[in-house]
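Student: Quick one: structure below, then a few questions.
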Amino acid sequence: MAPEAQATLHEADAHGRDHEHEHHEDSFIRKYIFCTDHKMIAKQFLITGIFWAVIGGALSLIFRLQLGFPEMDLAWLQPVLGKWITAQGKLDPEFYLALVTMHGTIMVFFVLTAGLSGTFSNLLIPLQIGARDMASGFMNMLSYWLFFVSSVIMFGSMFVEAGPAGGGWVIYPPLSALPQAIKGSGLGMTLWLVSMVFFIASSLIGSINYISTVINMRTRGMKFSRLPLTIWAFFLTAIVGILSFPVLFAAALLLVFDRSFGTSFYLSEIYIGGEALPNVGGSPLLFQHLFWFLGHPEVYIVLLPALGITSEIIATNARKPIFGYKAMIGSMMGIAFLSFVVWAHHMFVSGMNPFLGSIFMLLTLIIAVPSAVKVFNYLTTLWRGNLVFTPAMLFSIGLLSFFISGGLTGIFLGNSAIDVQLHDTYFVVAHFHLVMGSAAFFGMVAGVYHWFPKLYGRMMDKKLGYLHFWITFIGAYMVFFPMHYIGIAGFPRRYYSFTNFDAFSSFADLNSFVSVAAVATVGVQFIFLFNFFYSMYRGRRAPKNPWRSNTLEWTTPVNPGHGNWEGEIPAVHRWPYDYSKPGASEDFIPQNVPLSETPESNLPHEKKALESKKK
Amino acid sequence: MMKLVIAAGGIMILVALFLIFRIYTLASAAKGKNKKPVDSSNKWNAALIVLSIGGMLVAAAWYSVKYFDDYTVPVASEHGTEVSRLFWWTMAVTGIVFIVTHILLFVFSARYQYSEKRKARFYPDNGWLEMVWTVIPALVLTGLVISGLKTWNTMTAKSPSDAENIEIMGYQFAWKVRYPGSDGVIGKYDYRLIDATNVFGMDFSDQANFDDFSPREIHIPKGKHVQFKIRSRDVIHSVFAPHFRLKMDAVPGMPTRFGFVANKTTEEMRQETGNPDFDYEIACTEVCGRGHFSMKIKVIVEEPEVYEKWKAGQKSWLSKNQDYIVKVPKKLKEAAVIKAGLEED
Ligand code: HEM
Ligand SMILES: [Cu+2]
Ligand SMILES: [Cu+2]
């Protein structure tokens with residue numbers, strides 16, 4: 001049958017939601033601002049995420065200049081940074097820490113959690129499971145606006161007199177609790193905490209919505225065993241988020257108490273600023289346990305959606321079923337579960353009982369197994385495929401490469417004996433920028449290239465996409481790979497300069513090299529931005545199913561309106577990966593094509609199922 | 001370096017030109033029809049995957065070999081040798097996986113480019129294969145875990161009772177050290193007793209404090225078990241001595257420790273590295289504020305005899321800060337005078 005033919009729709013809409021054709025024009029405010037349509041909310045998350053990515057990238061360039069060219073006169077930044085550039089044209093060391101902190105916070109939470117999950121969960125969950133919208137459109141809208149408030153507060157915190165939070169994105173107390181210890185722990189830290197409270201609320205509301213939508217609103221025939229891996233990934237991510245973010249909330253709340261109400265949850269026996277504080281009995285380690293109980297799952301909250309996105313993209317563009325669909329789901333479940341029991345691998349040298357260290361080392365290395373399974377499955381999916389290198393496909397392959405190289409260095413860090421040397425050095429910076437930063441960033445970009453036609457009804461320019469990919473891929477490696485050497489040499493992270501130590505004074509050249517590569521890599525992102533905004537208005541009009549893909553979103557009109565499908569919601573009759581099925585005339589069979597229409601390609605068990613149905 | 005900057009600038013200009021060119025072609029492009037799934041770009045993208053990944057593998061190998069001595073830190077402690085061995089074993093295992101997977105990645109990309117004549121192989125599953133690549137990584141990791149645990153257990157084991165105890169205290173933004181003096185016991189402290197001079201908050205109702213001394217550099221004997229007793233008096237810091245493969249956070253309100261045996265003197269290390277100015281250093285690896293990057297203290301490893309001599313020559317803290325004798329309770333005054341080595345006046 002013709003691949004783009006609509007599946008025949010007979011039965012009634014499973015969810016009983018009659019779809020009225022709404023032809024009246026929504027007001028501007030309803031349509032673009034307080035909108036409850038999941039597609040518009042996805043766009044809102046995406047644009048806000050892009051805004052934050054630009055800020056986060058710009059911050060990293062400023063501190064990379066400091067690290068790569070410590071002698072450089074930065075007076076030209078004075079118009080932007082004001083008093084944070086000293087009279088000698090040098091970056092203020094405390095502001096350096098604030099930059100690093102803001103960069104980390106922005107990238108992890110605002111770009112790769114909200115920007116990535118927010119965009120693609122919202123866009124794809126209803127479209128791929130065959131639902132007209134999210135379970136609760138209002139909550140969805142609320143989720144975005146809470147994120148927006150959180151963004152405004154975080155952005156505002158960068159302009160307060162004493163500077164933004166500066167204790168690292170992990171905000172360990174006592175540093176983050178005591179304004180005497182660092183200026184950023186004053187108003188900047190307060191705003192950081194307030195912003196994160198809104199952020200957590202946004203994330204929780206969003207996640208609850210994603211979960212209930214996936215559970216309740218699947219179209220007819222969309223069994224869990226037929227969900228695209230994207231949906232599986234978003235679903236598991238949401239569960240992980242619901243279980244872990246509240247713990248960050250608790251940690252933050254206790255920190256607020258310590259900061260403002262004189263409690264001693266995290267503070268004990270402190271003498272600072274010429275004064276002994278009254279607090280006794282608190283434990284800084286308590287905070288670390290609570291923080292990393294979120295912090296580690298957070299890494300997977302960032303990564304799983306990216307892996308889901310690339311699973312879909314790789315299968316589509318390899319024209320081949322994802323290898324080991326069940327194993328992929330199983331390993332994602334394994335990762336999601338194990339991500340909750342490895343948090344203390346960030347604390348091997350925190351002073352925690354070494355026996356606890358042994359346990360967490362064991363659990364940490366176990367989590368490498370499902371990750372390895374995923375990698376092998378991706379590789380096997382490529383094997384004997386029929387590969388189409390769209391920009392999205394290239395970014396997915398790039399992700400795979402980063403996931404491997406960053407994942408492998410995790411095996412060093414998960415081994416407590418080795419971590420003693422590598423902890424808090426540039427080796428860690430290299431590790432997480434590859435496995436979490438670059439991988440998730442590539443997943444997000446791949447998703448944008450792939451689903452741009454669904455977002456805006458137009459295609460992004462392919463050639464610019466290639467240019468963007470190649471410079472970014474090679475650039476990211478040039479930025480982050482050398483950091484391994486710097487880390488093995490023992491350079492600590494969050495250092496304003498390395499000239500104080502004999503042991504760390506080498507590598508000036510390598511550091512400059514990294515900085516130049518960083519400038520170039522961040523610079524070429526403007527190609528992407530140009531491509532994105534230009535194509536939004538002037539791009540080639542998208543066909544209905546540009547990548548000849550199987551999933552349901554491509555059965556909607558090119559510019560789906562409210563409710564996504566004009567007629568009934570298509571029913572689902574098969575899994576999403578019937579690519580290059582033997583016997584079929586085309587190399588893909590969309591999910592909504594019934595088995596009865598494809599007798600030539602049905603597998604034995606499908607034939608059987610069909611027959612028993614007839615009887 | 002300037003060359004690199006210029007090169008980067010050059011690239012950016014080329015990119016800008018390319019962009020302008022694209023705008024023209026895009027503007028004139030007809031509203032496209034659906035073309036074939038692939039065009040010639042597929043070929044050169046595949047070629048670039050091979051080139052770039054291959055090139056990066058070669059570059060990484062070249063750098064790793066050529067600059068080996070620059071980025072590796074010579075080991076100077078007993079457990080450090082173990083840690084280093086583990087590190088290189090892990091490097092070997094992960095290195096092989098890294099190379100093999102990346103070769104597969106580019107071989108597959110090049111080999112299986114799209115062709116309309118061919119169909120991809122419908123290959124959704126293979127339980128046996130899945131099993132193999134679950135079990136093999138599990139086994140390899142078990143090996144790494146077991147050897148890691150062994151090393152971890154030895155390096156975190158309790159220090160023997162005859163260990164040299166040395167207290168290291170972090171504060172914004174420096175380290176202070178305190179030796180137990182001839183009685184071998186580090187005196188009690190209380191953070192409420194800290195002031196500008198008594199930075200440790202030594203409690204002089206404890207006799208053990210009378211002979212404690214606080215040098216500006218750390219001296220330790222080679223071949224003898226040394227236990228760092230680590231604490232902080234304000235925010236978290238972290239003691240990091242890269243050559244000893246030693247790192248432990250300094251936490252306010254919760255003393256920590258790290259025991260180790262240094263096995264190369266500073267002198268020996270100077271010879272090994274060929275750097276006559278070599279010195280062991282301790283750095284801070286937990287962000288602690290403005291001066292985090294400057295928290296340095298020198299460590300001098302010497303033969304035990306030299307060390308003992310140095311120790312014997314150190315004056316007690318109390319004898320250097322005789323004002324504090326008033327803090328000593330009356331009945332201990334006499335003991336203090338003797339133990340601290342004060343001149344009677
Ligand atoms: C070209 C882009 C980027 C560059 C050049 C860059 C560079 C850096 C560098 C050099 C540091 C360490 C600074 C220090 O320790 O003194 C750092 C920290 C960090 N970066 Fe990035 N980064 C980039 C993108 C990202 C992305 C995409 C993420 C997302 C996960 C990310 C997350 C972080 C985090 C979490 C930290 C730690 C912050 C902290 O120590 O508190 N970065 N970045
Ligand atoms: Cu972790
Ligand atoms: Cu520090």
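Student: Which whole-Hz ³J(HN,Hα) couplings does region A:552-559 yield from phi under the Karplus relation 6.51 cos²θ - 1.76 cosθ + 1.60, θ = phi - 60°, glycine and proline marked x?
Tutor: Taking θ as phi minus 60°, the curve returns 5, 4, 7, 8, 7, x, 4, 10 Hz for region A:552-559.
Student: Just to check, using Stokes-Einstein with a Kirkwood Rh over alpha carbon pairs, what's the diffusion coefficient of chain B at 4 °C and 1.567 mPa s in µm²/s?
Tutor: On the way: Rh = 26.0 Å.
Roughly 50 µm²/s, to the nearest whole number.
Student: Now a separate question. Return the long-range amide H neighbours of residue B:246 (sequence gap of 5 or more, or a different chain), with a cut-off of under 5 Å between placed amide H atoms.
Tutor: The answer is B:241.
Student: Say the dipole of the protein assembly as shown comes from +1 at the beta carbon of Lys and Arg and -1 at that of Asp and Glu; which of A:225, B:155, A:291 then lies farthest toward its positive end?
Tutor: A:225
Student: How much length, in nm to one decimal, is gained on full extension between residue B:104 and residue B:268, taken as 0.36 nm per residue of separation minus their Cα-Cα distance?
Tutor: Once the chain is fully extended between residue B:104 and residue B:268, it gains 54.5 nm.
Student: Still on this structure, please answer the following. May I ask you to list the residues of region A:183-205 whose amide nitrogen lies under 17 Å from a point 7 Å from Cα along the Cα→beta-carbon direction of residue A:261?
Tutor: In region A:183-205, the label zone of residue A:261 (backbone N under 17 Å from the point 7 Å along Cα→Cβ) covers A:190, A:193-194, A:197.
Student: Sort A:388, A:256 by accessible area with a 1.4 Å probe, largest first.
Tutor: A:256, A:388
Student: Per DSSP H run of at least 4 residues, take -39500 (n - 2.57); add these up for chain B, divide by its residues and hand me the 222 nm value, nearest 500 deg cm²/dmol.
Tutor: The per-residue figure over chain B is -14500 deg cm²/dmol.
Student: Lysines within cross-link reach of residue B:176: Cα-Cα under 19 Å, excluding same-chain residues under 8 positions apart?
Tutor: Cα-Cα hits under 19 Å: B:188, B:229, B:247, B:296, B:298, B:311, B:315, B:320.
Student: Under a point-charge model restricted to the Cβ atoms of Lys and Arg (+1) and Asp and Glu (-1), what is the dipole moment magnitude of the protein assembly as shown relative to its Cα centre, in debye to the nearest 20?
Tutor: 3340 debye
Student: Continuing with the same structure: Between residue B:275 and residue B:41, what is the label-point separation in nm under the 7 Å Cα-to-beta-carbon projection?
Tutor: 4.9 nm
Student: In nanometres, what is the gap between the two model label sites at residue B:338 and residue A:529, each 7 Å from Cα along Cα-to-Cβ?
Tutor: Output for this residue pair reads 7.7 nm.
Student: Then there's this: For residue A:500 and residue B:13, FRET efficiency with R0 = 35 Å and r from the beta-carbon atoms, rounded to 0.05?
Tutor: In this case the efficiency is close to 0.40.
Student: For region B:164-339, report the translational diffusion coefficient in µm²/s to the nearest whole number, using Stokes-Einstein at 25 °C, 0.890 mPa s, and a Kirkwood Rh over Cα pairs.
Tutor: In µm²/s, the coefficient rounds to 145.
Student: Given B:317, B:292, B:335, which one lies farthest toward the positive end of the charge dipole of region B:164-339, if we put +1 on the Cβ of every Lys and Arg and -1 on the Cβ of every Asp and Glu?
Tutor: Working it through, the farthest residue towards the positive pole turns out to be B:335.
Student: Additional query: So for region A:231-302, what are the equivalent ellipsoid semi-axes in whole Å, largest first, each being the square root of 5 times an eigenvalue of the Cα gyration tensor?
Tutor: On the way: eigenvalues 221, 21, 13 Å².
Its equivalent ellipsoid spans semi-axes of 33, 10, 8 Å.
Student: Lys and Arg at +1, Asp and Glu at -1: add these up for the other residues within a Cβ distance under 15 Å of residue A:606 and post the number.
Tutor: +3
Student: By how many nm would the segment from residue A:607 to residue A:275 grow when fully extended, if each residue of separation counts as 0.36 nm and the alpha-carbon distance is taken off?
Tutor: 111.5 nm
Student: Using the crude model of +1 on Lys and Arg Cβ and -1 on Asp and Glu Cβ, and no other charge, please compute the dipole size for region B:164-339 relative to its Cα centre, in debye to 20. Don't jump to the answer; show the numbers that get you there.
Tutor: Values: 27 positive and 25 negative charges, 97 e Å.
Value, rounded to 20: 460 debye.
Student: Same structure, new question: Please work out the ratio of the alpha-carbon Rg of region B:34-191 to 2.2 N^0.38 Å and round it to two decimals.
Tutor: Values: Rg = 26.8 Å, N = 158, 2.2 N^0.38 = 15.1 Å.
For region B:34-191, the normalised Cα radius of gyration is 1.78.
Student: Residues with amide H under 5 Å of residue B:113's amide H, sequence separation 5 or more or different chain, H placed in the peptide plane at 1.01 Å from N; which?
Tutor: Correct list: A:387.
Student: Which value, in Å² rounded to 10, gives the accessible area of residue A:505 with a 1.4 Å probe and all protein chains present?
Tutor: For residue A:505, solvent-accessible area is about 70 Å².
Student: Would you be so kind as to identify which of A:40, A:127, A:115 lies farthest towards the positive end of the dipole of region A:32-150, taking Lys and Arg as +1 and Asp and Glu as -1 on Cβ and the Cα centre as origin?
Tutor: A:127
Student: Using Cα positions and a limit of under 18 Å, work out the aspartates and glutamates in reach of residue A:581, with same-chain residues fewer than 8 apart set aside.
Tutor: Qualifying aspartates and glutamates at Cα under 18 Å: A:4, A:312, A:597, A:600, A:606, B:116, B:125.
Student: Find the all-direction average of the projected area of the Cα convex hull for region A:297-372, expressing the result in square nanometres with one decimal place.
Tutor: Working: hull surface 21.2 nm².
Taking the Cα atoms of region A:297-372, their convex hull projects to 5.3 nm² on average.
Student: Leaving out same-chain residues fewer than 8 places away, which aspartates and glutamates sit with a Cα under 13 Å from that of residue A:462?
Tutor: Hits, sequence-local ones excluded: B:39.
Student: Using alpha carbon coordinates only, what is the Rg to Rh ratio of region A:453-544, with Rh defined as the Kirkwood radius?
Tutor: Values: Rg = 19.1 Å, Rh = 15.6 Å.
Rg/Rh: 1.22.
Student: What are the extents of the Cα atoms of region A:494-614 along their three principal axes, listed from largest to smallest and rounded to whole Å?
Tutor: For region A:494-614, the Cα extents along the three principal axes come out at 80, 39, 26 Å.
Student: Once you have the alpha carbon radius of gyration of the protein assembly as shown, what is it after dividing by 2.2 N^0.38 Å, with N set to its residue count?
Tutor: Scaled against compact globular proteins, the figure is 1.01.
Student: Percent of accessible area on the protein assembly as shown owned by carbon and sulfur, 1.4 Å probe?
Tutor: With neighbouring chains kept in place, the figure for the protein assembly as shown is 65 percent.
Student: Which helices, taking whole DSSP H runs in chain A, have alpha carbons extending 27 angstrom or more along the helix axis plus mean Kyte-Doolittle at least 0.0?
Tutor: What comes out of the filter, once short or polar helices are dropped, is A:38-68, A:137-157, A:187-216, A:229-260, A:284-318, A:354-382, A:391-413, A:508-538.
The values are calculated or read from the model by the stated rules, or taken from the named source; none is laboratory data. Keep in mind it's a predicted model, so treat the numbers as computed, not measured. Because the Cβ atoms are built from the backbone with ideal geometry, glycine has one as well, and the counts that use them run over all protein chains shown. Accessible surface areas use protein heavy atoms only, side chains included; no ligands, DNA or RNA. Shrake-Rupley method; radii C 1.70, N 1.55, O 1.52, S 1.80 Å.
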